[in-house]
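The values are calculated or read from the model by the stated rules, or taken from the named source; none is laboratory data. From a predicted model like this one, the values you see are computed outputs, not experimental measurements. In this analysis, Cβ positions are derived from the backbone assuming ideal geometry, glycine residues included, and neighbour counts consider all displayed protein chains. For the accessible areas, the whole protein counts, side chains as well, though only heavy atoms, and no ligand, DNA or RNA atoms are used. Shrake-Rupley method; radii C 1.70, N 1.55, O 1.52, S 1.80 Å.
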Amino acid sequence: MNIKGELYKKCLTYIENRLETINTAISEIQESLTSETKSSAGDKHETSRAMLQIEREKIGNQFAETQKLKHTLSKIKITKASNAVTLGSIVYTTQNNYFVSISIGELKINDLTFYAVSLNTPIGKLLLSKRIGDEIVFRNEKFEVTDII
């Protein structure tokens with residue numbers, strides 16, 4: 001498998017693991033809500049239910065955000081090459097290597113380190129549409145795009 005395919009697969013695995021964790025949390029909250037209904041009554045009961053409802057809402061928001069990440073990742077065509085940085089590009093620079101996809105941080109392939117960044121991040125916005133030889137200044141450091149895959 002090529003390097004872009006491996007990076008894509010790591011991002012997809014991250015999303016699948018996150019969705020699994022969220023679904024487990026949703027099930028646990030639902031189970032707690034059900035057991036709360038069967039057990040107590042009064043103010044304590046209402047407070048517990050309200051806290052569980054708030055937690056369920058937070059988890060629901062995390063689920064929606066993760067689904068957005070999955071949708072963004074699905075737009076990447078790993079066989080597509082481009083002369084300019086776009087979604088799905090691997091960008092080699094004199095400073096770091098980037099996989100423009102979703103923001104999940106550091107990924108290692110073989111002995112190389114890549115940073116998976118979204119187009120919505122400050123570095124993603126700077127990289128967008130850059131070409132080989134273009135210079136970028138990020139956090140007061142200047143670096144050059146050396147290759148784009």
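Does the range 127-149 hold any residues that are in a loop (DSSP other than H, G, I, E, B) and among the β-branched types (Val, Ile, Thr), and which are they? Reasoning before the result, please.
Let us first name the residues in the range 127-149 that are in a loop (DSSP other than H, G, I, E, B), namely 128-130, 132-134, 139-140, 149.
Hits for the range 127-149 are ILE132, ILE149.
Could you identify the single residue in ILE59, ILE29, ILE76, ILE22 that is touching a Gly at 6+ places or on another chain (Cβ under 6 Å), buried (at least 16 other Cβ atoms within 10 Å of the Cβ) and either modelled with pLDDT of 95 or more or assigned to a helix (DSSP H, G or I) (or both)? Even if it seems obvious, please write down each step before you answer.
Details: ILE59 fails: touching a Gly at 6+ places or on another chain (Cβ under 6 Å); ILE29 fails: touching a Gly at 6+ places or on another chain (Cβ under 6 Å); ILE22 fails: touching a Gly at 6+ places or on another chain (Cβ under 6 Å).
Sole residue among the options that is touching a Gly at 6+ places or on another chain (Cβ under 6 Å), buried (at least 16 other Cβ atoms within 10 Å of the Cβ) and either modelled with pLDDT of 95 or more or assigned to a helix (DSSP H, G or I) (or both): ILE76.
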Mind listing just one residue for me: the one in the range 133-149 that is among the aliphatic types (A, V, I, L, M) and under 16 Å from LEU87 (Cα atoms) and, of those, least open to solvent (accessible area, probe 1.4 Å)?
VAL145
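For the range 110-121, which residues satisfy the criterion of being surrounded by fewer than 19 Cβ atoms within 10 Å (Cβ to Cβ) and aliphatic (A, V, I, L, M)?
Of all residues in the range 110-121, those surrounded by fewer than 19 Cβ atoms within 10 Å (Cβ to Cβ) come to 110-113, 115, 118-121.
Answer for the range 110-121, where residues must be surrounded by fewer than 19 Cβ atoms within 10 Å (Cβ to Cβ) and aliphatic (A, V, I, L, M): LEU112, LEU119.
With assigned to a helix (DSSP H, G or I) and open to solvent by less than 40 Å² (accessible area, probe 1.4 Å) as the only criterion, which of GLY88, GLY124 stands out?
Unique residue meeting the criteria: GLY124.
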